[in-house]
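Visitor: Take a look at the following structure, please.
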Amino acid sequence: MIAQPFKGTAFDLRGKTALITGSAGLLGFEHAIALLECGCAVIITDIDQAKLLETKNKLLDHFPSASIFVHVMDVTSQDSIQSVSTFIDDQKLDLHILINNAAIDPKVRTNSSSTEFSRLENFPLSQWNLQISVGLTGAFLCCKVFGTKMLKYGNGGVILNIASDLSVIAPDQRLYKQPNLPDEFQPVKPVTYSVIKSGLVGLTRYLSTYWADKGIRCNSLSPGGVYNHQPRDFVDKLVDLIPIGRMAHKSEYRSAIQFLCSDASSYMNGQNLLLDGGRSAL
Ligand SMILES: NC(=O)c1ccc[n+]([C@@H]2O[C@H](COP(=O)([O-])OP(=O)(O)OC[C@H]3O[C@@H](n4cnc5c(N)ncnc54)[C@H](O)[C@@H]3O)[C@@H](O)[C@H]2O)c1
């Protein structure tokens, strides 16, 4: 079992409840661990029910007596979000923290041999709409429903948007370049990623003034790339762009989550915290 080292400090989240979107993915699990370590109750949500239940069981292995609520939620659907809002009321939970983490991660293919759809010239409108509806519109809808809920409770709250180092720097398309492929077949980081992550920073600034007088703060966290067994060639090229000389470990954002979601960051509002090994400082 992981200890709760933050009892009685500004990081103490006992008595608070947090909702995380996209909780069944790589970082959603880590965000939940971070909050549970601070004594927070968590509502883990995702569109993928099977992975969500797996995530709950893994979390319970670490925190057998923690309050972990599970609800399938599609962030693109206001009805689905609303049903989680009703669930929160039914459970008599007082929502204090929202982490907008869900995204469709457009994996860049590394063995392209036909038309490369990630390229701007070919990028389908359907993909643009889908990815924006999850990464950006989904965050807006969750802020609308759950931010309004925090407002009604009257106890303030914290909204945290998970952006990326690509919210402030352009993708370096050389990272994705494959040998022996003509330009038109070269895969790229799609345009949607930059647009969504920059948009989340805009949403963060907007919300930081919108409900500030009601005690609701909003910040974003911009992680750099997490090592997850990506191809060696890609990792080698990426770490050359990172002053610390390596990709992040998935657990390295936990302490930032704890800081941003607790009173430890009580005077921080409207900011985009970059944790990228220094990549964006170059
Ligand atoms: N992993 C990284 O290297 C990295 C780096 C920078 C930023 N980020 C950002 O961190 C966040 C989490 O990344 P991750 O690596 O854990 O991604 P992931 O793909 O592992 O997890 C994303 C989760 O979102 C869920 N999801 C997709 N569509 C959804 C929908 N309509 N409604 C609800 N949930 C939906 C997926 O089922 C998945 O579980 C993302 O916003 C990502 O852009 C990740």
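Visitor: For region 198-254, which trypsin sites (Lys or Arg not before Pro) pass both filters: DSSP loop (anything but H, G, I, E, B) and at most 15 other C-beta atoms within 10 Å?
Guide: R246
Visitor: Scattering from the C-alpha atoms of the chain alone, worked out with Debye: what is log10 I(q)/I(0) at q = 0.16 1/Å?
Guide: Normalising to I(0) and taking log10 leaves -1.29.
Visitor: Take every Cα-Cα pair in region 199-240 and report what % of them are more than 16 Å apart.
Guide: The proportion of pairs with Cα distances above 16 Å equals 56 percent.
Visitor: Here is a further query. Under a 1.4 Å probe, what is the accessible area of the chain per residue, stated in Å²?
Guide: On the way: 13280 Å² over 282 residues.
In whole numbers, the chain has 47 Å² accessible per residue.
Visitor: Just to confirm a number: summing +1 for Lys and Arg and -1 for Asp and Glu over residues other than T55 whose beta-carbon lies under 12 angstrom from that of T55, what do you get?
Guide: Around T55, the charge tally is -2.
Visitor: Continuing with this model, one more query. What percentages make up the Cα-Cα pair-distance distribution of region 206-267 when the bins are 5 Å wide from 0?
Guide: Once binned at 5 Å, the Cα pair distances of region 206-267 give 4, 15, 19, 16, 12, 11, 10, 8, 4, 1.
Visitor: So, one more: Where the only charges are on Cβ atoms (+1 Lys, Arg; -1 Asp, Glu), what is the dipole of the chain about its Cα centre, to the nearest 20 debye?
Guide: My answer is approximately 360 debye.
Visitor: Right, another one. If you build the convex hull over the alpha carbons only and average its shadow over all orientations, what do you get for region 1-110? Give it in nm² to one decimal.
Guide: 7.9
Visitor: Only Lys, Arg, Asp and Glu count, each charged at its Cβ (+1, +1, -1, -1), so figure out the dipole size of region 1-110 about its Cα centre, rounded to 20 debye.
Guide: In debye, rounded to 20, region 1-110 gives about 260.
Visitor: Let me ask something else. Ranked from the most accessible area to the least, with a 1.4 Å probe and all protein chains present, what is the order of E184, E116?
Guide: Descending order: E184, E116.
Visitor: Within straight cross-link reach of K16, meaning Cα distance under 12 Å, which aspartates and glutamates are found once same-chain residues fewer than 8 apart are removed?
Guide: D94, D263
Visitor: Net charge around A102, counting only other residues with Cβ within less than 12 Å of its Cβ (Lys, Arg = +1; Asp, Glu = -1)?
Guide: It works out to a net charge of -4.
Visitor: Taking region 156-272, how many lysine pairs are there with alpha carbons less than 28 Å apart, if each pair must be eight or more places apart or span two chains?
Guide: Counting lysine pairs in region 156-272 gives 11.
Visitor: Considering the options N100, A264, A18, tell which one lies farthest towards the positive end of the dipole of the chain, charges being +1 on Lys and Arg and -1 on Asp and Glu at the Cβ, about the Cα centre.
Guide: Value: A264.
Visitor: Amide H neighbours of I43 under 5 Å, counting only residues 5+ apart in sequence or on other chains, H built in-plane at 1.01 Å?
Guide: Hits under the 5 Å cutoff: A18, L19, I20, F69.
The values are calculated or read from the model by the stated rules, or taken from the named source; none is laboratory data. Every value quoted in this text rests on a predicted model; they were computed, and no experiment measured them. Please note: Cβ atoms are built from the backbone with ideal geometry, for glycine as well, and neighbour counts cover all protein chains shown. To get the accessible areas, we keep the full protein, side chains included, count just its heavy atoms, and leave off ligands, DNA and RNA. Shrake-Rupley method; radii C 1.70, N 1.55, O 1.52, S 1.80 Å.
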